[in-house]
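Down below is the structure, laid out as structure tokens.
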Amino acid sequence: MTALRREDFCCVAREGLGDPSARIVQAMFWSGDGLYVGTGGRSRYPLGLSASALARLGPLGDRLRQRDATQQNRPIGARLWRFDPQRGDWRQIYRAPEVSNGQGECYPRDRNIRAATVFASANGPGGLYVGASAMEGAFHLLRSVDGVAFVDIPHHNLGLPPDADIPSVRALCPLNGRLYTSPVGKLRGRGMLDDNISDYPIVFETDDPEQGAWRAVSASAFGDPTNLSINELVVFAGALYAGTLNIQHGYQVWKTDVQGASPYRWRKVLERGAGRGPAASIVTCMAAFRGALYIGSALQRQGHGGLDRYGPIPGELVRLYPDDTWELVVGESRPTPQGLKVAMSGLGAGFGDRFNRGPWCLAEHEGWLYAGASDWRIFKTFLPGPDSHLSARYKAALRDSQAGYRGGFALWRTADGVTWEPVTCNGFGDDPAIYAVRTLVSTPFGLFAGTAGSRGGFQVWRGAAASASSAGNGG
Amino acid sequence: MPHRLEWQNALIGAIAQARWERLDETALDWARHWLLRQSPRNGASMRLTLADWIAPRQMVERNLCYLHPKVLDRIQRLFPEAYYLHLTCHPVLHGRAAGRWRVRSGQRPALIDLTRTWLMPVLITLEFFEGLPREKRLTLRGEDFLKEPANYLGQLIKWLGLNEDRDAIATMLHPERWPFAETELDWAAFSDDREFLAYPGLPIARGWPDHTEEDIAPGMTHEIRHYARLLGYTENDQSAYSE
């Protein structure tokens with residue numbers, strides 16, 4: 001059981017593997033002897049707005065389009081890379097096909113890859129499954145049996161109407177020979193950065209993804225219309241857990257034993273952001289570790305616009321047991337209907353750092369649980385405006401902390417879930433644009449960390465104890 | 001804000017209660033005499049004396065007049081062992097209570113300045129809390145407390161590191177049975193909280209507001225709504241929150 005230190009990490013990919021506009025590693029998994037990395041870029045229209053939203057802006061929308069065209073900000077589309085750690089080389093194995101809108105405009109069909117898993121059904125050969133977000137229309141589901149060639153498989157809109165707005169999936173979760181997912185994002189009527197809110201916050205199931213035989217196995221939004229999407233699906237202790245986005249009241253976590261006829265019986269095991277309220281609006285990550293399910297949470301949209309424009313509001317980490325009791329691991333101690341919750345780790349929200357937006361990914365590696373975080377300072381939304389009623393002293397402190405930020409993120413580790421130690425509090429490198437660890441994957445060749453950056457392309461780092469780090473450090 | 005005479009009466013009441021554990025006119029006379037014999041002393045010194053008298057019991061203070069950054073810093077310096085509970089209230093409920101108070105105190109109804117009466121105390125408290133040791137600070141929504149007072153009182157006692165005494169909790173749940181409520185004295189003269197003393201039972205728990213009255217809505221600024229959310233508040237009717 002070797003704990004990884006900052007100096008055990010080396011960069012195996014940088015600058016988006018040649019495409020600086022690929023800023024985030026949104027999906028990463030290990031299969032066979034290779035690491036798969038799914039990326040992508042911006043949406044088809046400027047500022048992430050929909051065509052209709054741009055039209056509503058009138059002349060401003062026209063100017064945004066013109067500026068976009070002048071700057072040649074063409075979306076790059078989804079890409080899937082495979083890394084061979086023994087040879088240290090990268091290979092692009094999927095690139096979104098170009099499609100035409102019939103008016104001479106071509107664009108990549110898929111925006112990015114946000115979900116991936118390895119799955120074997122009772123009826124099919126099994127393989128690698130990837131969810132590709134769509135630039136227009138519904139998402140696409142891809143499958144590969146050899147780990148190299150990916151082909152579309154039908155999903156029949158998950159059984160929803162043909163015009164259902166389901167541009168993306170964020171989770172593909174196998175359990176007992178079945179595959180589970182839930183659509184996220186909106187293309188129609190969306191605002192900026194609405195990549196999570198969904199018209200169909202429903203869990204879907206299939207035991208035959210090759211035929212696209214999906215069916216709903218939960219009520220819409222679990223019967224609570226304030227649940228705006230189901231972002232995380234994870235298996236723990238034989239049950240399926242779903243984490244929601246709930247801006248109004250705070251996130252919820254639901255579970256089912258997937259027994260009996262569908263829709264299954266779901267039970268709410270956490271609500272109101274585990275007692276924190278709307279400041280914990282979204283489940284950002286979930287992972288099982290030593291008999292408990294660890295759940296990270298944050299404020300959705302990282303402070304962009306509306307009620308989220310203040311901050312910083314650091315994220316939290318709780319752990320849930322199979323009997324539905326829970327403990328606060330990292331966060332603000334508080335009274336709750338279930339009793340007084342005191343942070344087990346002794347660390348306040350954000351691991352004690354007010355600018356730590358919270359864990360964005362969790363992974364167990366060689367007996368340690370790692371939590372990769374996102375830093376709030378890359379977006380200056382928290383800097384108070386002239387009408388703020390914060391004290392002059394506090395405003396100055398916020399401005400000073402921003403001035404000293406040179407990029408980076410926090411990565412923490414624990415062996416027992418209680419005692420947490422920082423691997424790094426300011427990232428691995430010196431790139432000021434990198435602000436988060438978005439994905440963590442444990443492999444026989446070390447722990448891989450995929451980053452998020454505001455520009456300049458994503459990075460992938462490999463953490464391996466000194467004795468295991470002789471191979472695969474190229475890149 | 002209480003007047004100077006009310007302050008003085010409140011202190012006399014506290015001295016009588018702490019020193020002689022009596023709440024009658026005789027004890028109050030003794031307290032007045034004791035106070036007259038003292039050389040000038042500040043509030044902190046007085047509180048230390050009161051704390052000595054009631055030991056090993058703990059002293060609880062609640063007063064909005066402490067909500068000034070310099071005062072809070074001074075309290076923390078003088079009482080480094082103190083615990084701080086931020087008992088919050090929904091801004092709309094606060095606005096309603098402020099409106100009722102205006103009417104009861106004979107003032108003309110007016111728009112409630114939630115920025116002054118709700119937001120500023122919240123911001124001062126939040127900023128002050130950031131500088132406190134984590135184990136010394138706790139925030140609790142008053143509405144949650146009133147829904148399950150026995151549950152939350154038990155948690156507060158646990159947080160303070162005290163024994164969870166069921167009898168003590170049962171007593172706390174019924175302030176209308178406390179000595180000041182049963183005495184013939186007009187206790188309103190000996191406290192800054194006349195409204196509570198007039199009706200000393202725990203208020204009835206109410207749900208969060210589903211609408212915002214016309215005299216409150218203009219005060220519900222974007223900033224207030226943000227900090228209300230940060231404290232875990234929402235409103236059932238979204239339209240009441242819209243600008």
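The values are calculated or read from the model by the stated rules, or taken from the named source; none is laboratory data. Since the structure is predicted, the reported quantities are computational estimates derived from the model, not experimental observations. Methodologically, a virtual Cβ is constructed for each residue, glycine included, from the backbone with ideal geometry; neighbour enumeration extends over all protein chains shown.
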Residue check: is A:Gly250 modelled with pLDDT under 95, within 30 Å of A:Leu340 (Cβ to Cβ) and part of a loop (DSSP other than H, G, I, E, B)?
-> yes
Could you tell me which of the residues B:Leu67, B:Leu72, B:Leu48 is modelled with pLDDT under 90, aliphatic (A, V, I, L, M) and either outside the structural domain of B:Leu5 (by TED's automatic domain parsing) or touching a Pro at 6+ places or on another chain (Cβ under 6 Å) (or both)?
-> B:Leu67
Please state which of the following conditions B:Asn9 fails to meet, knowing it meets all the rest: (1) more than 28 Å from B:Gly219 (Cα to Cα); (2) in the same structural domain as B:Ile224 (by TED's automatic domain parsing); (3) touching a residue at least 40 places away in the same chain (Cβ under 8 Å).
-> (2)
So which of B:Gln58, B:Gln8 ends up being not hydrophobic (A, V, I, L, M, F, W, C) and not in a helix (DSSP H, G or I)?
-> B:Gln58
Can you find a residue in region A:69-90 that is of a type in the set (Ser, Thr, Tyr), more than 20 Å from A:Ser182 (Cα to Cα) and at pLDDT below 95?
-> yes
Which of the residues spanning region A:261-276 are surrounded by 23 or more Cβ atoms within 10 Å (Cβ to Cβ) and either assigned to a strand (DSSP E or B) or not hydrophobic (A, V, I, L, M, F, W, C) (or both)?
-> A:Leu270, A:Gly273, A:Gly275, A:Arg276
Which of (1) within 14 Å of another protein chain (Cβ to nearest Cβ); (2) surrounded by 21 or more Cβ atoms within 10 Å (Cβ to Cβ); (3) within 28 Å of B:Met120 (Cβ to Cβ) does A:Val330 not meet, given it meets every other one?
-> (3)
Selection from region A:380-400 of residues farther than 26 Å from B:Asp113 by Cβ and facing another protein chain (nearest Cβ under 10 Å) yields A:Ala397
Residue check, A:Ser345 of a type in the set (S, T, N, Q) and either assigned to a loop (DSSP other than H, G, I, E, B) or within 14 Å of chain B (Cβ to nearest Cβ) (or both) | yes
Can you give me the number of residues within region A:324-338 that are in a loop (DSSP other than H, G, I, E, B) and touching a helix residue (DSSP H, G or I) at 6+ places or on another chain (Cβ under 6 Å)?
-> 4
Could you list, in sequence order, all residues of region A:107-136 that are surrounded by 22 or more Cβ atoms within 10 Å (Cβ to Cβ) and within 16 Å of A:Trp214 (Cα to Cα)?
-> A:Tyr129, A:Val130, A:Gly131
Looking only at region B:113-147, which residues are among the aliphatic types (A, V, I, L, M), surrounded by 19 or more Cβ atoms within 10 Å (Cβ to Cβ) and either away from chain A (no Cβ under 12 Å) or within 18 Å of B:Ala217 (Cα to Cα) (or both)?
-> B:Leu114, B:Leu119
Could you check, for region A:212-224, whether at least one of its residues is among the acidic types (Asp, Glu), within 18 Å of A:Val169 (Cβ to Cβ) and assigned to a loop (DSSP other than H, G, I, E, B)?
-> no
Please enumerate the residues belonging to region A:96-136 that are touching a Leu at 6+ places or on another chain (Cβ under 8 Å) and within 22 Å of A:Ala13 (Cα to Cα).
-> A:Ile113, A:Ala115, A:Ala116, A:Thr117, A:Val130, A:Ala132
Considering region B:153-175 alone, what residues qualify as being under 17 Å from the mean Cα position of the chain (by Cα), more than 12 Å from every other protein chain (Cβ to nearest Cβ) and either touching a residue at least 24 places away in the same chain (Cβ under 8 Å) or under 24 Å from B:Val71 (Cα atoms) (or both)?
-> B:Leu173, B:His174, B:Pro175
When you look at A:Leu317, is it more than 25 Å from A:Glu205 (Cα to Cα), within 14 Å of chain B (Cβ to nearest Cβ), in contact (Cβ under 8 Å) with a residue 40 or more places away in the chain and part of a strand (DSSP E or B), yes or no?
-> no
Exclusive hit being modelled with pLDDT of 90 or more, more than 9 Å from chain A (Cβ to nearest Cβ) and either surrounded by 15 or more Cβ atoms within 10 Å (Cβ to Cβ) or in a loop (DSSP other than H, G, I, E, B) (or both), set B:Ala110, B:Ala98, B:Ala82, B:Ala150 | B:Ala82
Positions within region A:200-228 being modelled with pLDDT of 95 or more and among the small types (Gly, Ala, Ser), in sequence order | A:Ala216, A:Ser218, A:Ala219, A:Ser220, A:Ala221, A:Gly223
Taking A:Ala403 as meeting all but one of (1) more than 14 Å from chain B (Cβ to nearest Cβ); (2) in contact (Cβ under 8 Å) with a residue 12 or more places away in the chain, write down the number of the exception.
-> (2)
Filter pass, A:Leu141 being in contact with a His (Cβ under 7 Å, 6 or more places away or on another chain) and hydrophobic (A, V, I, L, M, F, W, C) | yes
Turns out the strands (runs of 3 or more DSSP E) fully within region A:105-185 with at least 1 residues that are out of contact with any Gly (no Cβ under 6 Å at 6 or more places or on another chain) and over 16 Å from A:Gly40 (Cβ atoms) are A:106-108, A:110-119, A:127-134, A:151-153, A:168-175, A:178-184
Considering region A:237-272 alone, what residues qualify as being within 14 Å of another protein chain (Cβ to nearest Cβ), touching a residue at least 40 places away in the same chain (Cβ under 8 Å) and either of a type in the set (Val, Ile, Thr) or within 19 Å of A:Cys173 (Cα to Cα) (or both)?
-> A:Ile247
Which of the following residues is among the aromatic types (Phe, Trp, Tyr), within 25 Å of the chain's Cα centre (by Cα) and more than 19 Å from A:Glu210 (Cβ to Cβ): A:Phe150, A:Phe139, A:Phe83?
-> A:Phe83
So A:Asp324, is it within 14 Å of another protein chain (Cβ to nearest Cβ) and farther than 24 Å from A:Arg354 by Cα | no
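The rows are residues; the columns are (1) free of Cβ contacts under 8 Å to residues at least 40 places away in the same chain; (2) in a helix (DSSP H, G or I); (3) on the phi < 0 side of the Ramachandran plot; (4) surrounded by fewer than 15 Cβ atoms within 10 Å (Cβ to Cβ).
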position	(1), (2), (3), (4)
B:Ile15	yes, yes, yes, no
B:Ala18	yes, yes, yes, no
B:Leu23	no, no, yes, no
B:Leu36	yes, yes, yes, yes
B:Pro40	yes, no, yes, yes
B:Ala44	yes, yes, yes, yes
B:Arg47	yes, yes, yes, no
B:Leu50	yes, yes, yes, no
Select from region A:283-305 the residues that are within 14 Å of another protein chain (Cβ to nearest Cβ) and modelled with pLDDT of 95 or more and list them in ascending order.
-> A:Ser297
